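See below for the structure under consideration.
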Amino acid sequence: MFLKKKQRILDLTDTISEMVGVLDQLKDPNPELSDCLMALDIIAEQLMQEEELSPQLIEQFNLVQNSFVIYYEKSAEITSEGLKGIQKHLEVLVKLIKDTIGTKLNIVFFPYKVSMWDSLATIYEAAKNDPNCVVNVVPIPYYQLSQSEAIPTYEGDRFPKDVEVTHYTNYNLEEQEPDIIFIHNIYDNYNTLTRVYDEYYTSNLKKYTDMLVYVPYYTASFIPYKKGGFYPYHSPAIDNIDKFILAHNKEKEIAMKEGISEDKLLVLGSPKLDIMYRSLHKTPNHPEEWKEKLDGKTVYLLNTGCLYFAANPFLALEKLIDIFNIPRFVENSVILWRPHPLTKISILKYTPYFSGYFSNLLENCIEGDDALYKGIILDETDDYMNALLLADILVTTDSSILRSYLLTEKKVLYWDEKIPEDSLVPDDAFYYAYDKSEPWYEVVKKFSKGYDPLKKNRLGLGSQVYVNADGSAGEKIFRKIKKGLKLD
């Protein structure tokens, strides 16, 4: 029996017990007796849904029910001694319910974008492997938001084959009443680029569960949050969340300063880092057409965020083209460009006048035999892990990809003059594209010759910043949430 339903039965037995305690004090106890019988009918309905019930439990339930029927039909007089007998029968019934009916957890995961599934994947794996859990993965529909329209989108058919997906039309929240709901997005109607359907807003999900768990789709930055930044500390949906999973202790410290209750905060790491850790010694499974372009080349992975073109798109394009030129002056090099999956919709939302330029960039400048820029591979696959494994150097600003990449201990060309002084990552771990002491284009020439004096500064960097960066975050998150529900 699922935990929530079992607890409801036990709550009903508590209510019946309270009523029994006052029956002999009432002038007309029939209304209360009727309520007790109705409560027992509800309990019976729940019990009958079990595949197997012990004969002792059935016998004890009938004994309790018949005791109330006798009083209700006035076949016997209510006495304090008789009520003490019913209380003892109820105590035995409660013990039998607790001891003979196994407790299972009804768990559902509500991801929306397949590219963000890695933030939940290892928690799902741990839950799926627990024989006391019934698990559903229900990818939910969402809208992509441009300036002029909301585009309905569903990605459930793109999830990994080893994930058993339930279509959202086949999952009824009201009927299921899950014991635990895991989500990776809590922005509800406040999101500006995507928005899940309103039936999946946290305010609605919370109606059907006592444990709504938010596991961010991003890995927390190693650059401490400042007001007005990315973190969802001020989202009204925080009030609906029971547990908020954090990746490092500094994040908890900041969240508490922002007024979030400590009992909501669990510093257990990021499942995204589990995926990176497990992949470190795997062979990349990239598209076949990439192989010839990559063979024997130094690979520069260029990462651009979803809002890269949102403020000053032509200046952003100019910087991008600088990097695109690397294969022209660095022998045996290739650029693997992975724009954020929401790049196109962010352009339509914030800089729609730039959409034609962006389409031209993709179609005429970097794709096809006549492309203007040679040695560029566009990565629009759902799995970013292949790109991280293939890369020799990551070119990026602060991003979730960079945070995962820390575990590889490979070279980073940070797309700025320096890293902020309050960073949890030391400034001598990265190379800087706009370091005034040496132009970036001179540094990249050295990279292909093995230049890397900062290598020692990156050793173990991921585990120094993030909790449970050894591949265990998902398992520990699941165990902690399960333990908090107190099954017995």
Residue in region 313-332 that is under 25 Å from Asn191 (Cβ atoms) and of a type in the set (Asp, Glu) present: no
Qualifying residue in region 176-185 (condition: modelled with pLDDT of 85 or more, within 27 Å of Ile401 (Cα to Cα), in a loop (DSSP other than H, G, I, E, B) and of a type outside the set (Asp, Glu)): yes
Enumeration of residues in region 125-175 that are more than 30 Å from Lys349 (Cα to Cα), outside any loop (DSSP other than H, G, I, E, B) and of a type in the set (Asp, Glu): Glu125, Glu174, Glu175
Set Pro178, Pro152, Pro160, Pro131: member being of a type outside the set (Gly, Ala, Ser) and surrounded by 21 or more Cβ atoms within 10 Å (Cβ to Cβ): Pro178
The lone exception for Asp370 - which of (1) modelled with pLDDT of 95 or more; (2) over 18 Å from Glu318 (Cα atoms); (3) touching a helix residue (DSSP H, G or I) at 6+ places or on another chain (Cβ under 9 Å); (4) not in a helix (DSSP H, G or I) it fails: (1)
Residues (free of Cβ contacts under 8 Å to residues at least 24 places away in the same chain and hydrophobic (A, V, I, L, M, F, W, C)) located in region 207-254: Phe230
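Please note which helices (runs of 4 or more DSSP H) are completely contained in region 1-76 and include at least 2 residues that are closer than 30 Å to Leu212 by Cβ and in contact (Cβ under 8 Å) with a residue 12 or more places away in the chain.
On the way: elements: 3-20, 30-47, 55-72.
Of the helices (runs of 4 or more DSSP H) lying wholly inside region 1-76, those with at least 2 residues that are closer than 30 Å to Leu212 by Cβ and in contact (Cβ under 8 Å) with a residue 12 or more places away in the chain span 3-20, 30-47.
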Check on Asp210, more than 16 Å from the chain's Cα centre (by Cα) and under 25 Å from Tyr143 (Cβ atoms): no
Scan of region 466-488 for residues that are in contact (Cβ under 8 Å) with a residue 24 or more places away in the chain, surrounded by fewer than 21 Cβ atoms within 10 Å (Cβ to Cβ) and not in a loop (DSSP other than H, G, I, E, B), ordered by number: Glu475, Lys476, Arg479, Lys480, Gly484, Leu485
Residue in region 441-462 that is nearest to Gly269 (Cα to Cα), counting only those that are without any contact (Cβ under 8 Å) to a residue 40 or more places away in the chain, out of contact with any Asp or Glu (no Cβ under 7 Å at 6 or more places or on another chain) and assigned to a helix (DSSP H, G or I): Lys456
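Which is within 23 Å of the chain's Cα centre (by Cα) and either in the same structural domain as Ala433 (by TED's automatic domain parsing) or not aromatic (Phe, Trp, Tyr) (or both), of Ala387, Ala371? Full working, then the answer.
Working: Ala371 fails: within 23 Å of the chain's Cα centre (by Cα).
Answer to the check: Ala387.
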Sole residue being at positive phi and either in contact with a strand residue (DSSP E or B) (Cβ under 6 Å, 6 or more places away or on another chain) or not assigned by TED's automatic domain parsing to the domain that holds Ala150 (or both), chosen from Asn303, Asn332, Asn360, Asn364: Asn332
Residue match in region 89-96 (condition: buried (at least 21 other Cβ atoms within 10 Å of the Cβ), on the phi < 0 side of the Ramachandran plot and either at pLDDT 95 or above or small (Gly, Ala, Ser) (or both)): yes
Single unsatisfied condition, Glu475 versus (1) charged (D, E, K, R); (2) farther than 30 Å from Asp130 by Cβ; (3) modelled with pLDDT of 95 or more: (2)
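The values are calculated or read from the model by the stated rules, or taken from the named source; none is laboratory data. Keep in mind it's a predicted model, so treat the numbers as computed, not measured. Note: ideal-geometry Cβ built from the backbone for every residue, glycine included; neighbour counts use all protein chains shown.
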